[in-house]
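Here is the structure we will look at, set down as structure tokens.
Just so it is clear, none of the values below were taken in a lab; they were calculated from the coordinates. On a predicted model such as this, the values are computed, not experimentally measured, just so you know. Virtual Cβ from ideal backbone geometry, glycine too; neighbours counted across all protein chains shown.
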Number of protein chains: 4
Amino acid sequence: MPKISASAQHARRERILDHAERCFARAGFHRTTMQDICKAAEISPGAIYTYFDSKEALIAGLIERDRAKLQGQFAGLAQAPDFMAALAGLAEHYTVEEPDYKRALFIEMGAESTRNPQVAETMRSCDSFVRDSFIALLTRLAAEDRIRPSAEIEVVVGLMLLMGDGLLWRRAVDPGFDARTMLPALMAVIAPLVNPVPQLPHAPARQATAPAPAAAPRIAGESV
Amino acid sequence: MPKISASAQHARRERILDHAERCFARAGFHRTTMQDICKAAEISPGAIYTYFDSKEALIAGLIERDRAKLQGQFAGLAQAPDFMAALAGLAEHYTVEEPDYKRALFIEMGAESTRNPQVAETMRSCDSFVRDSFIALLTRLAAEDRIRPSAEIEVVVGLMLLMGDGLLWRRAVDPGFDARTMLPALMAVIAPLVNPVPQLPHAPARQATAPAPAAAPRIAGESV
Amino acid sequence: MPKISASAQHARRERILDHAERCFARAGFHRTTMQDICKAAEISPGAIYTYFDSKEALIAGLIERDRAKLQGQFAGLAQAPDFMAALAGLAEHYTVEEPDYKRALFIEMGAESTRNPQVAETMRSCDSFVRDSFIALLTRLAAEDRIRPSAEIEVVVGLMLLMGDGLLWRRAVDPGFDARTMLPALMAVIAPLVNPVPQLPHAPARQATAPAPAAAPRIAGESV
Amino acid sequence: MPKISASAQHARRERILDHAERCFARAGFHRTTMQDICKAAEISPGAIYTYFDSKEALIAGLIERDRAKLQGQFAGLAQAPDFMAALAGLAEHYTVEEPDYKRALFIEMGAESTRNPQVAETMRSCDSFVRDSFIALLTRLAAEDRIRPSAEIEVVVGLMLLMGDGLLWRRAVDPGFDARTMLPALMAVIAPLVNPVPQLPHAPARQATAPAPAAAPRIAGESV
DNA sequence: CATGAATGAGCGTTCATTCAT
DNA sequence: GATGAATGAACGCTCATTCAT
């Protein structure tokens, strides 16, 4: 019979994560003190250790939460009728809708992952999830002839991830970055890679004269 | 009456930067102590402050030096007979030849730039130099009809930078990143953006056939 | 209207003391946390303060309980037909039978008594009880001519206590201490101090022969 | 070319040890904070770590210094013409001349040694030194027929150490302990164990009729 | 100019104790 | 009475920076 209900406990944990996220993004992991987070979350220094064993665990908890959220977003992507539109929406979401501090934190986490194995592992698993989801999705779409990828799907997905990271990075680091211009330009680069087949509503698909594939040159990969 | 010659002083400064770079890349800015750097560079904690006013100034000095080096590398790019080959070489250099710690440091500096205005300013100026160099170069190449960019040059360069950063980031952060596969794939994505005109040595360029630009659809930007 | 019966309350108090004893002996007073004891005794941190006002009070309670147990053991000593045998048994008990942690705790309590007046007072009263019991006992035995102490009884008892403490200390502190050898040696040192008169069962004690005391030189003290 | 001379450095180290000793004796290892010691020694918290790596190392340093001092004192004992007088002097020194806090610290160190292996090892080596010195000394004296131990020398020394520790313990723990009475009484107990042979100055030693040994009953040990 | 011992504010974390439930 | 989450003052220790030598 705990003094606090499970839901209240969860809420408090979330509250700590929320404030930790802002603090870490503002000042970086190492310049942020536990006291900073305590003050922001209006919690005592002792109490925070009820929820997280250490500062490291707090960082890991943050990444973990992000991953969970990401998984939800990918479930949506898989159901989307128009893949390219969904992808554009995803890019828009992370580039425009999400507040700056989320991206700053992403960079911070990448930097931390180059030396903190625990953080590296959590990020890697997060990244693998995204990659695998994309590969599974594109494979299915290709099997349904809704896309005709211009290269091996692994390579196409690799390029998409690379561009996605580049997008996030520049948005975070370059104050002059113009998302309105660059987002469509980026989609225009990705489109021929994925090469979506126009879906003719209420009409028999795949006419003999379907022209697009011919124009989509295969790009390099180890194998053809 | 300085006890040490100007050149010896310069050498010592370089030595500090060299070791600071390795230390910072290994452990991050905040986990690296001035003592660590002093030990590595075999200098006393007092002396290091003769060369750099503070730890922050040391970080800034590091970025500054990188910028200078970068400028040299870009001078070469502009003279290269084959732009795409030169670009591929550049990508190869930063992805394969440079040691890991340089990329870790790049990420670290990006993270730092989101909160340290001095670092942000130095990085921004470095970035602007690269961007301006590319724009000037592509503009000249386009004027000489050696390339026929598929979009506004500013946008093309913006995409190239984005992809370059994405490349560096993934190479730094993703241990499974396969540069051998991804580098050619990336070049294949950039090629139609820049759209280089095949140079027939000592022969009149082919004009009879419809030129490439027709096949290169203009990609989006606010302006067309 | 107490929810818990007096006996259950007493049992719980004892349980706390039992586990506190083990915890304190294992880690010392200051390295043992109240949480450690709570976990061991399966009680909540709030509840433990119902039984003991503070950590200090818990320590004092422990010593107090030891004193009570000691008093029981001394009652037996006084009734023993053979004083030296009973003494040897006592030494054997504290040196061999009692587990290590009891002796570690004894040392710990001695250390604590040098600065904690409450602990000092409890220990002193415990010590006085033992001393007074011994003095009363030896005085009676001397009056009955069952022993012929070689010095003032106070001094003899003082030496016995000193040796007893030395025995406990070395047994606790010196891992190479060999009780099997040292215990008889110690008894052989004490014997001439106490100088027990051989008891001939059911026969008039021998008086004709010069009694032992002649050979037992009085040992020093300010008074003789 | 250090800022501080080696001797000044040594003096500062000694100063820290001096004050640490008093602080530890007054409040125990765990209740004494590094700040307490810093304040007492008038040093900054940072500076103390130049001399000692940790609080543990400071404690170990303290014991180490005691050992060194002890070794000096034993050198004197070995040269003494009258062993029993020298022993009495030693007992007097540790019981009466040394300030209380030294003995409190001794108890503290014993308590600490039951759980801190580093402390245990240092104390054990200190103890072994004393034991070995005594054994070597008594063996030599016995060979020179200046003493005729009443039991195996190892056992005699074991008893002496036990009594010495008991003496220190009671002196530290029992405020009513009367050294003036107990010291001679203790020497009177030890004397027949060691059994010194009266040295007749200017007379041929070892007369046939040397009587003492006959009266000194062998005391128990595993072997005779 | 170089040295390196010294400084001291501040770090992440602990834990005896409290009190709303 | 019992609970256990919360409190918050310290704790041991670090490290960017200074300054007497």
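For residue A:67, inter-copy separations between label points set 7 Å beyond Cα along the Cβ vector come to 3.9, 4.9, 5.9 nm, shortest first.
Kirkwood-type hydrodynamic radius, the stretch A:107-187: 14.5 Å, calculated from all non-identical alpha-carbon pairs. Electrostatic tally near residue D:21: other residues with Cβ closer than 13 Å to its Cβ, Lys and Arg +1, Asp and Glu -1, net 0.
Taking every Cα-Cα distance in the protein assembly as shown and sorting them into 20 Å bins from zero, the calculated P(r) comes out as 11, 28, 22, 19, 13, 6, 1, 0 percent. Two numbers describe the Cα atoms of chain C: Rg and Dmax, which are 21.2, 73 Å. Summarised in one figure, the compactness ratio Rg/Rh of the stretch C:28-85, Cα atoms and Kirkwood Rh, is 1.23.
Can you give me the convex hull volume of the Cα atoms of the stretch A:1-111, divided per residue and expressed in Å³?
Details: hull volume 13.3 nm³, N = 111.
Taking the convex hull of the Cα positions in the stretch A:1-111, it is 119 Å³ per residue.
Could you calculate, for the stretch D:7-53, the ratio of the Cα radius of gyration to the Kirkwood radius, expressed as Rg to Rh? Walk me through the numbers before you get to the answer.
Details: Rg = 10.0 Å, Rh = 10.5 Å.
Value, to two decimals: 0.95.
Residues with beta-carbon under 12 Å from that of residue C:153, excluding residue C:153: net charge, scoring Lys, Arg +1 and Asp, Glu -1?
Values: positive: C:131, C:140, C:148; negative: C:132, C:152, C:154.
Net charge in that neighbourhood comes out at 0.
Just so you know, the Cα atoms of the stretch D:87-142 work out to an Rg and Dmax of 13.8, 38 Å. Here r is the Cβ-Cβ distance between residue A:78 and residue A:179 and R0 is 30 Å; the resulting FRET efficiency, rounded to 0.05, is 0.75.
Spherically averaged projected area of the convex hull of Cα atoms, the stretch B:66-167: 6.6 nm².
With labels modelled as points extended 7 Å from the Cα through the Cβ direction, what inter-label distance (nm, one decimal) is found for residue B:50 paired with residue B:7? Inter-label distance under the simple model: 1.9 nm.
Comparing mean-square fluctuations of D:154, D:14, D:97 from a GNM of chain D with C-alpha springs under 10 Å, the top value falls on D:97. Residue by residue along A:189-199, Cβ atoms of other protein chains within 10 Å of the local Cβ number 2 on average. Here the Karplus curve 6.51 cos²θ - 1.76 cosθ + 1.60, taken at θ = phi - 60°, turns the phi angles of the stretch B:145-157 into couplings of 6, 8, 9, 10, x, 7, 7, 3, 4, 4, 5, 4, 5 Hz, with x standing for Gly and Pro. Computed from the Cβ-Cβ distance with R0 of 41 Å, the FRET efficiency linking residue C:132 to residue D:139 stands at 0.45. Derived scalar couplings between HN and Hα for the stretch B:103-118 equal 6, 4, 5, 4, 4, 4, 5, x, 4, 5, 5, 6, 9, 9, x, 5 Hz in order, rounded to whole Hz, by the Karplus curve 6.51 cos²θ - 1.76 cosθ + 1.60 (θ = phi - 60°), x for Gly and Pro.
GluC sites (Glu not before Pro) within the stretch C:25-86: which are DSSP loop residues with at most 16 other Cβ atoms inside 10 Å? Don't jump to the answer; show the numbers that get you there.
On the way: sites: C:42, C:56, C:64; in loops: C:42.
The qualifying sites are C:42.
The distance linking the stretch C:117-165 with the stretch B:1-73 is 74 Å (Cα centroid to Cα centroid, whole angstrom). How tilted is helix D:83-92 with respect to the longest principal axis of chain D? Cα atoms for both, answer in degrees (0 to 90, nearest 10). The helix D:83-92 is inclined about 30 degrees to chain D.
Thinking of the stretch B:57-117 as a set of Cα atoms, what percent of all their pairs are more than 17 Å apart? Don't skip to the answer; put the middle values down first.
Working: 913 of 1830 pairs.
Every Cα pair in the stretch B:57-117 considered, those over 17 Å come to 50 percent.
Projected label points at residue D:42 and residue B:35, each 7 Å from Cα along the beta carbon direction, are separated by 2.6 nanometres. Put simply, the amide H of residue D:147, placed in the peptide plane, has neighbours under 5 Å in D:142, D:197, leaving out anything fewer than 5 places away on its chain.
To the nearest 0.05, what FRET efficiency results for residue A:97 and residue B:93 with a Förster distance of 41 Å applied to their C-beta separation? Approximately 0.65, to the nearest 0.05.
Counting each DSSP H run of 4 or more residues in the protein assembly as shown as -39500 (n - 2.57), what helix-only mean residue ellipticity at 222 nm follows after dividing by all residues, to the nearest 500 deg cm²/dmol? Write down the numbers at each step before the final one.
Working: 38 runs with 608 residues, N = 896.
My calculation for the protein assembly as shown gives -22500 deg cm²/dmol from helical runs alone.
Principal-axis analysis of the Cα atoms of chain A puts helix A:55-79 at an angle of about 30° to the longest axis. Please give the net charge around residue C:41, taking every other residue with its beta carbon less than 12 angstrom from that of residue C:41, where Lys and Arg add +1 and Asp and Glu add -1. Computed value for this residue: 0.
Taking chain B as a Gaussian network, Cα atoms linked when under 10 Å apart, which of B:36, B:132, B:53 shows the biggest mean-square fluctuation? Top of the fluctuation ranking is B:53.
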